[in-house]
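The values are calculated or read from the model by the stated rules, or taken from the named source; none is laboratory data. The model shown is predicted, which means the values in this text are computed figures rather than measured ones. Because the Cβ atoms are built from the backbone with ideal geometry, glycine has one as well, and the counts that use them run over all protein chains shown.
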Amino acid sequence: MSKQPITDLIHHAYTPPAGFAAPQPAVHKASTIIFANVAAMRSRNWQTKAGYTYGLHGTPTTFMLEERLATSEGGKYCILVPSGLAAIANVAMALLKTGDEVLIPDNAYGPNKALADGELKAWGITCQLYDAMNPADLQARITPATKLVWLEAPGSVTMEFPDLPALARICRDAGVTCALDNTWGAGMAFNPFDLGGGASVDISVHALTKYPSGGGDVLMGAVITSRDDLHLKLKHTHMRTGQGVGANDAEAILRSLPSMPLRYRAHDVAARKLALWLGGRAEISKVLHPAVEGSPGHRHWRELCGERDAAAGLFSVVFDERYSTAQVDAFCDALRLFKLGYSWGGPMSLVVPYDIASMRSARLGTWPHKGTLVRFSIGLEAVEDLQADLAQAMAALD
């Protein structure tokens, strides 16, 4: 049968030889996956990594990233989703139904609480907020309707570090699934599936947007577990909601992963130096950093993360109450190296002022500090340059 040139271009017989190996994994892009025959098509199982069925269910590139991420956090299975918030949503949709209840820390990542107050509420799923620094409060709020408890370490923006093993044990004893937002820990600070004393979370979600990417240019999330049953529930929801990721984004994170421990440590060292320096300034009334003595939950951080001595590159400070919100805003605007922007974990240092009172539940007690809070994400710039930038911006407070 003769063929036209266009047909030869599409069905060319050449296949590159096997055996090509390089430090960086190959990028495999596909929607359609080709099967050798009908029997292979009918026998292939999209739920496992034994073969390939459709691009949305995985390629060699995404499979490799999933396996490496599961290993880094001490888990067995990993699912990739388009963002950290998508990871949270995937867990909620997989495990909750009408009539169920989810418990979320009052100091959790804001969009998690917004999801509960929006879509989950509309689906007939109720939510209670609990005080993560008081395990007894969590225990008291668990009811027969509670099917999922979220943990977070440290708390979003205010950086309180909870007693994770105690919270996980409460969930285990109550027979309730617990999921941890482990974006801060990133698999570097502690193993979420081995918290000590037999304590473990059931699921760890991670915004790969932060430290695994490291460039501030990739949005992606991961859902990791060690339980076969949970993985299948999560994967079925992942399939039904079509949450795929791009191969080039997966490649970017694969390229960054080997340097993550070095970058994580560099962010950490710089952040501690600057947090301690700011703690000695008269303009600052409180430093909120898990590794700094006197910060809420410092003892819990030391017990869980002390062996690795890891604490990421994120901290907050509370300015003395004599400074108005407008003055603190002027301080942020006066910074030259620190840029105003959300997220963290990239090479550039970032700063964001927050109105904490509006972010916390009055039912669980008022925010104890009267001054304005500012969160810093420390990048990879020279520490002395960042310190000089902070010092010059302090002049804007006067």
In region 345-359, the residues that are in a strand (DSSP E or B) and farther than 20 Å from residue 212 by Cα: 351, 352, 353, 354
Qualifying residue in region 367-390 (condition: surrounded by fewer than 17 Cβ atoms within 10 Å (Cβ to Cβ), of a type in the set (Gly, Ala, Ser) and modelled with pLDDT under 95): no
Conditions (1) closer than 17 Å to residue 96 by Cα; (2) surrounded by 24 or more Cβ atoms within 10 Å (Cβ to Cβ); (3) not charged (D, E, K, R); number of the one not met by residue 132: (1)
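For the structure I just gave you, tell me whether residue 132 is touching a strand residue (DSSP E or B) at 6+ places or on another chain (Cβ under 7 Å) and in a loop (DSSP other than H, G, I, E, B).
yes
Assess whether residue 207 counts as being in contact (Cβ under 8 Å) with a residue 60 or more places away in the chain, over 21 Å from residue 302 (Cα atoms) and not assigned by TED's automatic domain parsing to the domain that holds residue 309.
Working: in contact (Cβ under 8 Å) with a residue 60 or more places away in the chain: yes; over 21 Å from residue 302 (Cα atoms): yes; not assigned by TED's automatic domain parsing to the domain that holds residue 309: yes.
For residue 207, the condition - in contact (Cβ under 8 Å) with a residue 60 or more places away in the chain, over 21 Å from residue 302 (Cα atoms) and not assigned by TED's automatic domain parsing to the domain that holds residue 309 - is met.
Mind telling me which of the residues 244, 215 ends up being over 23 Å from residue 154 (Cβ atoms), in contact (Cβ under 8 Å) with a residue 40 or more places away in the chain and touching a Leu at 6+ places or on another chain (Cβ under 6 Å)? Step through it out loud before you land on a result.
On the way: 215 fails: touching a Leu at 6+ places or on another chain (Cβ under 6 Å).
Of 244, 215, the one residue that is over 23 Å from residue 154 (Cβ atoms), in contact (Cβ under 8 Å) with a residue 40 or more places away in the chain and touching a Leu at 6+ places or on another chain (Cβ under 6 Å) is 244.
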Matching entry among 271, 222, 250 (being under 17 Å from residue 185 (Cβ atoms), crowded, with 23+ Cβ neighbours inside 10 Å and in contact with a helix residue (DSSP H, G or I) (Cβ under 8 Å, 6 or more places away or on another chain)): 222
Those residues of region 328-362 which are among the aromatic types (Phe, Trp, Tyr), touching a residue at least 24 places away in the same chain (Cβ under 8 Å) and surrounded by fewer than 20 Cβ atoms within 10 Å (Cβ to Cβ), in sequence order: 354
Criterion (in contact with a Leu (Cβ under 9 Å, 6 or more places away or on another chain), assigned to a loop (DSSP other than H, G, I, E, B) and either surrounded by fewer than 18 Cβ atoms within 10 Å (Cβ to Cβ) or not β-branched (Val, Ile, Thr) (or both)) met by exactly one of 92, 108: 108
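Have a look at 126, 62 and point out the one that is of a type in the set (S, T, N, Q) and buried (at least 22 other Cβ atoms within 10 Å of the Cβ). So that I can check it myself, show each step before the final result.
Details: 126 fails: buried (at least 22 other Cβ atoms within 10 Å of the Cβ).
Every option except 62 fails the conditions.
Which of the residues belonging to region 294-331 are outside any loop (DSSP other than H, G, I, E, B) and hydrophobic (A, V, I, L, M, F, W, C)? Write out each step before concluding.
Of the residues in region 294-331, the ones outside any loop (DSSP other than H, G, I, E, B) are 298-305, 314-319, 325-331.
The answer is 301, 304, 305, 314, 315, 317, 318, 319, 326, 328, 330, 331.
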Helices (runs of 4 or more DSSP H) contained entirely in region 1-73, each with at least 3 residues that are in contact (Cβ under 8 Å) with a residue 12 or more places away in the chain and in the same structural domain as residue 239 (by TED's automatic domain parsing): 60-72
Residue among 287, 328, 351, 317 that alone is under 29 Å from residue 131 (Cβ atoms) and touching a Cys at 6+ places or on another chain (Cβ under 8 Å): 351
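Listed residues 163, 194; which is surrounded by 20 or more Cβ atoms within 10 Å (Cβ to Cβ) and in the same structural domain as residue 248 (by TED's automatic domain parsing)?
Details: 194 fails: surrounded by 20 or more Cβ atoms within 10 Å (Cβ to Cβ).
From the options 163, 194, the qualifying one is 163.
Go through 113, 121 for me and flag whichever is free of Cβ contacts under 8 Å to residues at least 60 places away in the same chain, crowded, with 20+ Cβ neighbours inside 10 Å and in a helix (DSSP H, G or I). Walk me through it before giving the result.
Values: 121 fails: crowded, with 20+ Cβ neighbours inside 10 Å.
One residue alone meets the criteria, 113.
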Single unsatisfied condition, residue 205 versus (1) closer than 24 Å to residue 309 by Cα; (2) surrounded by fewer than 23 Cβ atoms within 10 Å (Cβ to Cβ); (3) in contact with a Leu (Cβ under 9 Å, 6 or more places away or on another chain): (2)
